[in-house]
Amino acid sequence: MKVANIAAVLLSALFSVAVSAAPLGEVSSENGKIFSGENYMVVKKDMKKGEQIKPHDHPGFKTLIFAVGKGSFDVTLNQKEKHTVGAGSVLRFGGDVVIEAVATEDADVAITLIK
């Protein structure tokens, strides 16, 4: 009986180490490209008031999600459509659309690019 109990304890300990060795999630507070996979990429930008995202598009990506965590951005799409995107708001647009933006206050944004 003692051997069975010891074996059960050892197996439980080994199993819990193996399970905890591989994390289920990943957190990043870095700037730049923070995650990527076969069909997506996530970029995070912390920006000071007045900093700009220069005009550019994202060929090869079908959809972009521009999610503002704090602050606010004035975003222009294709040099004509304007959006103010503030903390807690999300802007969706296509990869073939030219985006440019300016932080209207200290701000951060996570941009998810989806193929």
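The values are calculated or read from the model by the stated rules, or taken from the named source; none is laboratory data. Bear in mind the structure is a predicted one, so any value in this text is a computation, not a measurement. Here the Cβ is made from the backbone with ideal geometry for all residues, glycine too, and neighbour counts use every protein chain on show.
General remarks:
- Subset of the stretch 51-62 [under 26 Å from N39 (Cβ atoms) and either in contact with a helix residue (DSSP H, G or I) (Cβ under 8 Å, 6 or more places away or on another chain) or surrounded by 14 or more Cβ atoms within 10 Å (Cβ to Cβ) (or both)]: I53, D57, H58, F61
- Look at (1) surrounded by fewer than 18 Cβ atoms within 10 Å (Cβ to Cβ); (2) without any contact (Cβ under 8 Å) to a residue 40 or more places away in the chain and you find that I65 fails only one, number (2).
- Check on D74, at pLDDT 95 or above, among the acidic types (D, E) and more than 15 Å from the chain's Cα centre (by Cα): yes
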